[in-house]
């Protein structure tokens, strides 16, 4: 996955308007897919979709983990259904962190599997049978907001508070997978993720209940302050990870931004390790990157865990109550 173009999140210019006809066509195709879809497959328990209207990363994985833990705290058995970006498996597969690697099931499903059962399926509807075999009280659909094949009882749209919905155009003219109004019409909640200042920048015309969250580092006793590091990140917005490290007082002697989900080959890791060694620095990455590390580097690279913090769950809890959860 490539990084999203900068002009998507800038005032509309010549390039955006030049691509606008293609964006309109893309949005139209998404609308037709919703309108002409066959009857969605219904599960025997509630399905909660954690999705987005933007292309690229907005914080769906931390949201899925936070929702899983919140529901488990309410005594519910949770199973996640994911398409598994980059997964090699061709049949619905129950993720086993002890035997599966990121190349087999995808880095995000592997990360989520530390918290609850995860089924990876290229076609989400085809994976429901295996999901239901795990006897869930509730299913979390990781992504798939635009996929009409599975009936959703609750849909949460996740958005980066700073970037918002960009210039409001559909791809390739902007970051949207579909027109904003159409997407929000199918949504039940909008979760904007960012710190207090980021939330003040969020000015989208949200027409559904709005929830605020912030991704924060999970401090496990590791002393980060003053640590000399070489940081790398293969996520949608690597600069956010580097900023988090600086906020912890980390001394970043060098860093490299990789593409989202970029494979961490032995050649790439050898180059990064050589850079770090030349600077006498510790290699540091995100949890998602750690899931893709070659086995020989897992003991040599530190991963900074993060979690989504939601101060007020009341709007989400009200929706869960409507589902009997």
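Quick one, which of (i) 1.00; (ii) 1.09; (iii) 0.92 is the actual Cα Rg over 2.2 N^0.38 Å calculated for this model? Entry (i).
In the range 92-158, Rg over Rh equals 0.94, where Rg is the alpha-carbon radius of gyration and Rh the Kirkwood radius from pairwise Cα distances. The translational diffusion coefficient of the range 17-122, from Stokes-Einstein at 37 °C and 0.692 mPa s with a Kirkwood hydrodynamic radius over alpha carbon pairs, comes to 206 µm²/s. Of all the options 61, 274, 286, the one that moves most in a Gaussian network model of the chain with Cα springs shorter than 10 angstrom is 274. Computed over the Cα atoms of the range 1-60, pair by distinct pair, the Kirkwood hydrodynamic radius stands at 14.8 angstrom. For the range 167-236, the alpha-carbon coordinates run over 47, 28, 20 Å along the three principal axes, in decreasing order. Short to long, the 5 Å bins of the Cα pair-distance histogram for the range 77-230 hold 2, 8, 14, 15, 16, 17, 15, 9, 4, 1 percent of all pairs.
Every Cα-Cα pair in the range 171-325 was counted, and those over 28 Å apart are 37% of them.
Which value at 222 nm does the chain reach when only helices count, each DSSP H run of 4 or more adding -39,500 (n - 2.57), with the total divided by all residues and rounded to the nearest 500 deg cm²/dmol? Calculated mean residue ellipticity at 222 nm is -9500 deg cm²/dmol. The range 179-211 and the range 261-325 have their alpha-carbon centroids 25 Å apart. Descending by average beta-carbon neighbour count within 10 Å, the peptides 180-190, 21-31 line up as 180-190, 21-31, the highest first. Taking every C-alpha pair closer than 8 Å and separated by at least 6 residues, the mean separation divided by the residue count of the range 61-198 gives a relative contact order of 23 percent.
The packing ranking, built from the mean of other Cβ atoms within 10 Å per residue, places the peptides 135-148, 63-76 in the order 135-148, 63-76, highest first. Dividing the alpha-carbon radius of gyration of the range 141-203 by the rule-of-thumb value 2.2 N^0.38 Å gives 1.18.
Exposure proxy for 149, 155: other Cβ atoms within 10 Å of each Cβ, ordered fewest to most, give 149, 155. Annotation: the range 232-313 has a Kirkwood hydrodynamic radius of 13.4 angstrom, from the mean reciprocal C-alpha pair distance.
Quick note: the coordinates plus some simple rules give every number you see, no bench work behind them. Note that the structure is a prediction, hence the values are computed from the model and not measured. Cβ coordinates were reconstructed from backbone atoms using ideal geometry, including for glycine residues, and neighbour counts include every protein chain displayed.
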